[in-house]
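The structure appears below as structure tokens.
The values are calculated or read from the model by the stated rules, or taken from the named source; none is laboratory data. A quick note: this is a predicted structure, and the numbers were derived from the prediction, not measured. Here the Cβ is made from the backbone with ideal geometry for all residues, glycine too, and neighbour counts use every protein chain on show. These area figures cover heavy atoms from the full protein model, side chains too; ligands, DNA and RNA do not enter into them. Shrake-Rupley method; radii C 1.70, N 1.55, O 1.52, S 1.80 Å.
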Amino acid sequence: MADTTKTATLTIDGKTFDLPMHSPTAGPDVVDIRKLYGQAGVFTYDPGFTSTASCDSTITYIDGDAGILTHRGYPIDQLAGKSHYLEVCFLLLYGYLPKAEELEEFETTVTRHTMIHEQMHNFFRGFRRDAHPMATMVGVVGAMSAFYHDSTDISDERQREIASFRLIAKMPTIAAMAYKYSIGQPFVYPRNDLDYAANFLHMCFSVPAEEYQVDPILARAMDRIFTLHADHEQNASTSTVRLASSSGANPFACVAAGIACLWGPAHGGANQACLEMLKEIGTVDQIPEYIARAKDKNDPFRLMGFGHRVYKNTDPRAKVLKQSADEVLDLLGVEDNKLLQVAKELERIALEDEYFVEKKLFPNVDFYSGIILEAMGFPTSMFTPIFALSRTVGWVSQWKEQLSDPQMKIGRPRQLYQGADLRDYVDIENR
Ligand code: SDX
């Protein structure tokens, strides 16, 4: 726990209560309210947890006002530019940048876990062909608990490590199989001669009927998308994984809960929703109408891909993705990509409009990722599965950190009860 130097004083009905404060490595001080209810008989109230730290962590730090995101202290733009996804996975899991031989051993281990139990193929055939791939992923990842019994004992450090490898390694295989199933093509097995991103593209886009060469520039762009989505502090899906894990649930069940939470359009589902919005807008001249709708209090329409609970400056991931979008579209020769033109014009207008400036609504990570993924040939239904695949290492790293925290206890928030007061049952004949 961070050092406790200051104290906060709370006065309720003339009585004062001293609450210890903790100062972090970076970010705001926290007021420790763990003993508040016992001392003062009151709860704090913070729906959406906008002012609440749920845990202490050493993995990821976000400064929303400065637009800073670091993993174990390393800035995301440096990691996206100089590192690659499996090295970032090692960093998130173990807390330091690996030496060459450590990285090689880690990559070999992950590569050797990419196949799924052959019997799990049957799960996919139980779904309708038009099932959303996220529904398939929630189901199949949860079902991993029914296959990998030798890595579900969370009290065993080695089993926790094997479960981590299995989740990181098998998520691309499961996502690719969900995609292949939805388009009626045969499953493609992972290949150990391909790196993580190239393997995923190969499993998605190759067919048995002909050779498929992965374009190294697309593989690099894919790897960068994985890296930029790897972890993000205590976001909704990570908090879901932590809460599920606090009951002692096995890692596969916890990650399945995280996938379910990520699916929502306000969270990981925004990349799909953003692209569908750009398609609905269609052309640049339609933008003002949608900007007006986004500002209209009576219209539930939101500009998908804009705004963030924490970033009130640029989302540093969006800046990197914007560069990747240009590279990928240039490579694919889609200069006159209408969607990218609408996206860039929408961004320009939104960033000049006082509504968005005043509410600090900047493009977030989901704004450009969908454009890149569509250009690479993915249907919009695969955007959030790719986000889930990328975020698995974040969920697993945070899950491992929580389990190694001696302070860990089951998460059990309280409430501000506004319901009926105590009353007696009324028999139906007297109602
Ligand atoms: C992710 O938490 C994470 O770290 C998430 C994530 C991760 O890596 O895990 O970064 C991934 O989820 C990114 C966010 C993707 N979601 C979207 O792009 C969906 C569109 N964005 C909004 O739904 C919204 O911005 C949220 C949910 C992202 C953030 O909501 P907040 O901070 O709780 O803000 P809010 O909903 O309270 O809105 C504040 C104001 C409101 O106006 P007022 O009520 O104050 O008048 O801003 C307005 C909102 O109406 N507003 C928007 C808007 N987002 C907020 N208006 C138009 N378009 C938007 N996108």
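Listed values, structure above:
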| quantity | calculated |
| --- | --- |
| Between region 293-363 and region 5-33, the alpha-carbon center distance in angstrom | 38 |
| Angle between the chain longest axis and helix 338-352 axis [Cα atoms, degrees, rounded to 10] | 30 |
| Relative contact order of region 269-376, pairs being alpha-carbon contacts under 8 Å that are 6 or more residues apart, as % | 43 |
| Degrees between helix 85-94 axis and first principal axis of the chain (Cα, 0 to 90, nearest 10) | 30 |
| Sites ALA53 and ARG158 - FRET efficiency at Förster radius 30 Å, r taken between beta-carbons, to 0.05 | 0.45 |
| Where a label projected 7 Å from the Cα of ALA266 along Cα→Cβ would reach, residues of region 296-327 with amide N under 18 Å | 296-312 |
| The chain - Rg (one decimal) and Dmax (whole number), Cα, Å | 23.3, 79 |
| In region 46-110, the trypsin sites (Lys or Arg not before Pro) that fall in loop regions by DSSP, at most 12 other Cβ within 10 Å | LYS99 |
| For the chain, the longest site-free run once GluC sites (Glu not before Pro) in DSSP loop states with at most 11 other Cβ atoms within 10 Å are removed | 1-210 |
| Zone of LEU97's modelled label, taken as backbone nitrogen in region 33-73 under 15 Å from a point 7 Å along Cα→Cβ | 70-73 |
| 3J(HN,Hα) from dihedral phi, region 254-262, Karplus parametrisation 6.51/-1.76/1.60, rounded to Hz, x for glycine, proline | 5, 5, 4, 5, x, 4, 4, 5, 4 |
| Candidate lysines - alpha carbon under 29 Å from LYS409, same-chain residues fewer than 8 apart omitted | LYS6, LYS35, LYS400 |
| Efficiency of FRET from Cβ geometry, ALA66 and ASP32, R₀ 25 Å, rounded to 0.05 | 0.45 |
| Percent RCO, i.e. relative contact order, over the chain, from Cα pairs under 8 Å lying at least 6 residues apart | 19 |
| PHE301 long-range amide H proximity, modeled H, under 5 Å | none |
| Total formal charge among the other residues, if their Cβ is under 12 angstrom from that of PRO190, Lys/Arg +1 and Asp/Glu -1 | +1 |
| ASP193 accessible area, assembled protein chains, probe 1.4 Å, Å² | 100 |
| Solvent-accessible surface (1.4 angstrom probe) belonging to THR58, in square angstrom, nearest 10 | 100 |
| Relative contact order (%) - criterion: Cα under 8 Å, at least six apart; region: region 7-53 | 25 |
| Of GLY81, GLY307, GLY38, the one that fluctuates the most in a GNM where the chain has Cα springs shorter than 10 Å | GLY38 |
| Within region 15-81, chymotrypsin sites (Phe, Trp or Tyr not before Pro) in DSSP loop having at most 16 other beta-carbon neighbours inside 10 Å | PHE43, TYR45 |
